[in-house]
1. Kindly indicate which of GLY25, GLY6, GLY19, GLY43 is of a type in the set (Gly, Ala, Ser), part of a strand (DSSP E or B) and out of contact with any Cys (no Cβ under 9 Å at 6 or more places or on another chain).
2. Looking at ARG59, ARG71, which one is farther than 13 Å from VAL9 by Cα and part of a loop (DSSP other than H, G, I, E, B)?
3. Looking at (1) part of a helix (DSSP H, G or I); (2) touching a residue at least 24 places away in the same chain (Cβ under 8 Å), which one does ALA12 not meet, given that it meets all the others?
4. Could you list, in sequence order, the residues of the stretch 43-93 that are among the hydroxyl-bearing types (Ser, Thr, Tyr), under 16 Å from ASP23 (Cβ atoms) and surrounded by fewer than 17 Cβ atoms within 10 Å (Cβ to Cβ)?
Amino acid sequence: MDLLKGVNVAAATPRRESGHEIDLGLTLEIVDFLCAAGVAGIGLLGATGEFVHYDFEQRTRLASLIVRRSRVPVVVNVTHSTLDGSVRLAREAMTVGAAGVLIMPPYFSATARMT
């Protein structure tokens, strides 16, 4: 499997109208659409997936559902505000069969300085 060939998309993660709960039905429809359109892979819960709004349980449930539903490799963003949180999310993503994980560098740091 070569994830660097073809078109890989950063999938949006739609929310329900009330609050910050993932609209699972609509998300599954998006995955079906992307697979039917011929994408080579899907990036889940990245910046376009608004991962910061979802708790651990929502993120792991979504990853499990999408990996099972998708006909193409799924790479799951496991960025978290703590290293332990990222490791835990990465383990869950790999357990459910993700093709890989994405992780952003820390988005804040007590020692970072603007220069």
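Values quoted throughout were computed directly from the atomic coordinates according to the rules given, and no laboratory measurement underlies them. Values in this document were obtained by computation on a predicted structure and should not be read as measured data. For neighbour counting, all protein chains shown are included, and Cβ atoms are generated from backbone atoms with ideal geometry for every residue, glycine included.
1. Residue meeting the stated conditions: GLY43.
2. ARG71
3. All conditions pass for ALA12, except number (1).
4. Correct list: THR48 only.
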